[in-house]
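Quick note: the coordinates plus some simple rules give every number you see, no bench work behind them. These numbers come from a predicted model, not from an experiment. Positions of Cβ are backbone-derived with ideal geometry, glycine not excepted, and every protein chain shown enters the neighbour counts.
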Amino acid sequence: MRTIATVLLATVVLAAAIADGFAQGRGGGSKGKRREARAPYAYFEAKGLFPTGLVAAFPAGMRCPGVASPYGARTRYDGSPCNNPHHGYHNGLDISLPVGTPLLAIADGTVVHKGIAGQLVGGFVWLHVAPADSGLPVHVFARYQHLDRPSPVAVGARVAAGQEIGVSGNTGTTGGHFGTLGYPHLHIALFIGDGPEHTVKGPMLGPKSLNYLDPLGFYVLRPVAVLDNHRLRNLPDEKKTVLVPVRTTDGITVPTGSPIVWPIACAAE
C-alpha cells in the first residue's frame, strides 16, 4: 500500500512539474535555471547566430528608440547573461519601450501567424516580407515578441510599411530573471529563406532551412546580390554602420519614399 501511495505521489509531482514547464514555455521560467541548448553551437553558427558587428544610425534630427541588446549578444540589456536554448546567443534585438508603444510593420508584407506563447515569447506576430517589398534577394520572416495584447491584424492580411501591427508589452518576460514586473520591450527576430513557403508549429515558423538574419541587416544599402549573416560579419568596419529609414510619429517617412522603416516611430528633435 505504501508503495502504491509513493508511486501516486511521484506521478502527481511529475505532472505538476510538466504542467508548470509548459505554462512557462520551453524549459520553464525558474529564475537561475539554465536552459539546455537544442543542438550543438556549430548548428546555430552555420545558420548565422553570432554577432555581426552591425550598428544602427538614424536620420539626422530624429530621436528614435535604439537597440538595448543587439543581435548575437550573450547578455541582456542590464548586463546579465542570456538564458535561452541556443547557447545564450541573442537571436534578435531588443528595444526597451513603455507598455503600449505602437509597433510598426518594417515593410509592406503579409501577417502569417500570431498568438500567445509562454516564457521568452509572450504575445507575438509574424510578418512575411517578399523580395519585391524589401528590395532584398531573400524572403524575410519577422517575429515581433512580448506584445501587450494580441495583434489586431488578421492572419493573411496585407499591411503597409509603417502600419501599426500591435503594441509593446512585457508578456513572456515575467516570473523569471525580470521578476513579477517583467521587462517591457520589443524583441524582433528575423529569419530568411529562398521562398514564401512556411510551416507553423506553436509560436515558431519553419521550415528548418530558414536562417537567422541580424535585424539590422534588413537595412543594408540596396542593391544586394546575396544576403546572410556570414557576409554581414565579414563586412569591413567602415560598412558596418547602417542608416535606418524611419517613420515619424506624425506619419512621415524619412528618407522620403523608403519602402522599409524602423519598427518603432521616431520623433523629430
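Those residues that are more than 11 Å from the chain's Cα centre (by Cα) and crowded, with 18+ Cβ neighbours inside 10 Å, I need them from the stretch 128-146; list them, please.
So the first thing to find is which residues in the stretch 128-146 are more than 11 Å from the chain's Cα centre (by Cα), and the list is 128-140.
Result: His128, Val129, Asp133, Ser134, Leu136, Val138, His139, Val140.
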query: So how many residues does the stretch 122-154 have that are among the aliphatic types (A, V, I, L, M) and more than 13 Å from Leu205 (Cα to Cα)?
result: 8
- prompt: Which strands (runs of 3 or more DSSP E) sit wholly inside the stretch 162-256 and have at least 2 residues that are crowded, with 19+ Cβ neighbours inside 10 Å and among the hydrophobic types (A, V, I, L, M, F, W, C)?
  reply: 164-167, 185-193
query: Which of the residues that make up the stretch 117-141 are out of contact with any Pro (no Cβ under 8 Å at 6 or more places or on another chain) and under 16 Å from Leu93 (Cβ atoms)?
result: Leu120, Leu127, Val140, Phe141
message: Take residues that are closer than 25 Å to Thr171 by Cα and either touching a helix residue (DSSP H, G or I) at 6+ places or on another chain (Cβ under 6 Å) or in contact (Cβ under 8 Å) with a residue 40 or more places away in the chain (or both) and tell me which of the strands (runs of 3 or more DSSP E) falling wholly in the stretch 26-142 contain 3 or more.
response: 93-96, 102-104, 109-116, 123-129
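Does the stretch 77-127 hold any residues that are small (Gly, Ala, Ser), touching a Leu at 6+ places or on another chain (Cβ under 9 Å) and surrounded by fewer than 21 Cβ atoms within 10 Å (Cβ to Cβ), and which are they?
Answer for the stretch 77-127, where residues must be small (Gly, Ala, Ser), touching a Leu at 6+ places or on another chain (Cβ under 9 Å) and surrounded by fewer than 21 Cβ atoms within 10 Å (Cβ to Cβ): just Ser96.
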